[in-house]
Amino acid sequence: MQRKTVSDPGFDETVKKLTPEKITETINYVLEKEAAARLKAYVETCIHCGLCNEACHFYVSYDRDPSYAPVAKVRQTIWDMMKKKGNVDARH
């Protein structure tokens, strides 16, 4: 299934203004303070079993494409940000 890119001019222009330092600062604030306990519990307790897939509307809506499974979405976002200690760019 081909993914459709959705354009949001306001978001796209705002992202262009972000500096690498601001991205890192914001991600680390969320990962270390704002949602730290919840994210840590989720990341450390997930055993990648896939039992939550059927409860995920993204997974079901995209014909059960594994890249939309909850664990895949976490790997593509939170785990990568944690591993890189917030040093990601606006595209990733």
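Any chance segment 61-70 includes a residue that's assigned to a helix (DSSP H, G or I) and in contact (Cβ under 8 Å) with a residue 12 or more places away in the chain? It would help to see each step written out before you state the result.
Kept after step one, since they are assigned to a helix (DSSP H, G or I), are these residues of segment 61-70: 61, 66-68, 70.
Cutting the leftovers down to in contact (Cβ under 8 Å) with a residue 12 or more places away in the chain gives us 68, 70.
Among the residues of segment 61-70, at least one is assigned to a helix (DSSP H, G or I) and in contact (Cβ under 8 Å) with a residue 12 or more places away in the chain, which makes the answer yes.
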| task | Quickly run through segment 55-69 and pick out the residues that are within 17 Å of the chain's Cα centre (by Cα) and of a type in the set (S, T, N, Q). | result | 67
| said: Residue under question is residue 33, and the condition is that it be basic (Lys, Arg) and within 26 Å of residue 2 (Cα to Cα); does it hold? | reply: no
| message | Anything in segment 1-54 that is over 18 Å from the mean Cα position of the chain (by Cα) and either surrounded by 11 or more Cβ atoms within 10 Å (Cβ to Cβ) or assigned to a helix (DSSP H, G or I) (or both)? List them, or say none. | response | 9, 10, 13, 14, 16, 17, 21, 54
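Since every read-out is calculated from the coordinates, none of them should be taken as a lab result. Only a predicted model underlies this, so the values are computations on that prediction, with no experimental measurement involved. Note that we place each Cβ from the backbone using ideal geometry, even for glycine, and neighbour counts take in every protein chain shown.
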